[in-house]
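What follows is one structure encoded as structure tokens, with my remarks underneath.
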Ligand SMILES: [Zn+2]
């Protein structure tokens with residue numbers, strides 16, 4: 001399938017160092033981006049679907065790197081079906097599991113946590129709720145896991161490991177298991193801050209430094225933050241990625257982002273939601289955190305967008321997150337929300353307003369065009385201008 005988006009007002013790359021791409025057109029074929037900026041009239045005319053963005057803004061599909069999936073499009077924590085499809089209407093085209101800790105009665109023995117991670121990875125290998133790509137299957141680190149277990153998991157395609165919910169007396173006991181997981185090519189993640197749900201334990205900045213994961217999960221608190229002075233140390237004394245989550249502490253989210261920028265470490269800042277949790281289901285969570293950081297810290301929204309897209313892709317080694325040839329065909333058309341004080345999507349984000357989502361394309365397939373069911377309507381009409389398929393995308 002070939003899809004083109006034309007008449008784009010602004011193209012945001014997802015790379016915070018070089019955030020704007022000149023031009024007005026993006027072409028995707030067979031799930032992969034072919035061109036960004038310009039395309040020949042023939043290349044556009046040959047597409048199955050052409051979407052007229054009407055001067056609105058194109059951004060990479062958002063990557064939420066902290067989603068509490070279980071199985072199917074269901075969250076036991078909030079007893080709700082269809083939340084992932086709802087997040088897609090908030091511009092999220094990729095969800096990365098925060099481990100399957102919310103599975104009721106989750107296993108705690110080595111054989112059980114291995115089976116859970118492999119089953120989750122398999123269950124989402126082909127299943128895309130609403131068109132969303134879900135990277136599932138993060139092994140929950142528990143006492144008793146050994147080198148051979150990580151070798152087995154890696155051979156089965158599990159590439160994520162999560163520390164923070166295991167039955168360890170001292171959090172520093174995670175350190176050798178995190179190192180083991182990393183030796184087998186896994187991206188390692190660590191609960192950070194106060195305890196969240198029963199079964200988790202408080203993790204301070206000292207623990208983060210001692211355990212040394214790839215990602216400090218909800219560094220700003222999930223939902224309770226570590227002490228302010230620990231942010232300075234984690235940023236200065238490690239290379240750990242700093243995942244700022246919507247369902248955390250807003251003040252320390254701002255503190256962390258500001259310190260990271262001052263120390264030229266913005267490439268380590270990731271945006272995620274840490275939902276669904278006790279804090280709820282938040283389809284617009286990614287958009288809210290982008291606008292909170294942009295508006296309250298007076299940062300260029302196109303730069304902050306990089307923390308929600310390209311930075312997540314880089315830290316997790318995914319092929320989505322950038323509007324560039326060869327990357328996954330995931331893009332979102334956003335616009336100033338109808339009735340807002342600003343006239344463009346980026347202006348609205350700088351103003352503190354959630355943007356309107358006008359179209360979502362994932363894996364090169366339009367999932368809807370015209371109006372999200374969760375955001376305000378766009379100011380500019382976003383519509384299907386050409387369609388050769390017997391399908392309706394509105
Ligand atoms: Zn979480």
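The values are calculated or read from the model by the stated rules, or taken from the named source; none is laboratory data. The shown structure was predicted, so the numbers you read here are calculated from the model rather than taken from an experiment. Using ideal geometry, Cβ is built from the backbone for each residue, glycine included, and neighbour counts are taken over all protein chains shown.
Tabulated results
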quantity: Within segment 36-93, strands (runs of 3 or more DSSP E) holding 1 or more residues that are assigned by TED's automatic domain parsing to the domain that holds residue 131 and within 16 Å of the ligand (Cβ to nearest atom); calculated: 62-67
quantity: Segment 249-280, subset crowded, with 19+ Cβ neighbours inside 10 Å and under 18 Å from residue 69 (Cα atoms), residue nearest to the ligand (Cβ to nearest atom); calculated: 274
quantity: Residue match in segment 180-199 (condition: within 16 Å of the ligand (Cβ to nearest atom) and over 23 Å from the mean Cα position of the chain (by Cα)); calculated: yes
quantity: Options 270, 209; residue that is under 27 Å from residue 18 (Cα atoms) and touching a residue at least 24 places away in the same chain (Cβ under 8 Å); calculated: 270
quantity: Those residues of segment 138-154 which are within 25 Å of the chain's Cα centre (by Cα) and surrounded by fewer than 23 Cβ atoms within 10 Å (Cβ to Cβ), in sequence order; calculated: 154
quantity: In segment 320-362, the residues that are part of a helix (DSSP H, G or I), out of contact with any helix residue (DSSP H, G or I) (no Cβ under 7 Å at 6 or more places or on another chain) and surrounded by fewer than 19 Cβ atoms within 10 Å (Cβ to Cβ); calculated: 347
quantity: Of the criteria (1) modelled with pLDDT of 95 or more; (2) surrounded by fewer than 22 Cβ atoms within 10 Å (Cβ to Cβ); (3) over 17 Å from residue 84 (Cα atoms), which one residue 169 fails; calculated: (1)
quantity: Segment 232-248, subset within 22 Å of residue 309 (Cβ to Cβ) and away from the ligand (no atom under 16 Å from the Cβ), residue surrounded by the most Cβ atoms within 10 Å (Cβ to Cβ); calculated: 240
quantity: Given (1) assigned by TED's automatic domain parsing to the domain that holds residue 35; (2) in contact (Cβ under 8 Å) with a residue 24 or more places away in the chain, number of the condition residue 342 does not satisfy; calculated: (2)
quantity: One residue from 380, 371, 367 being buried (at least 19 other Cβ atoms within 10 Å of the Cβ) and out of contact with any helix residue (DSSP H, G or I) (no Cβ under 9 Å at 6 or more places or on another chain); calculated: 380
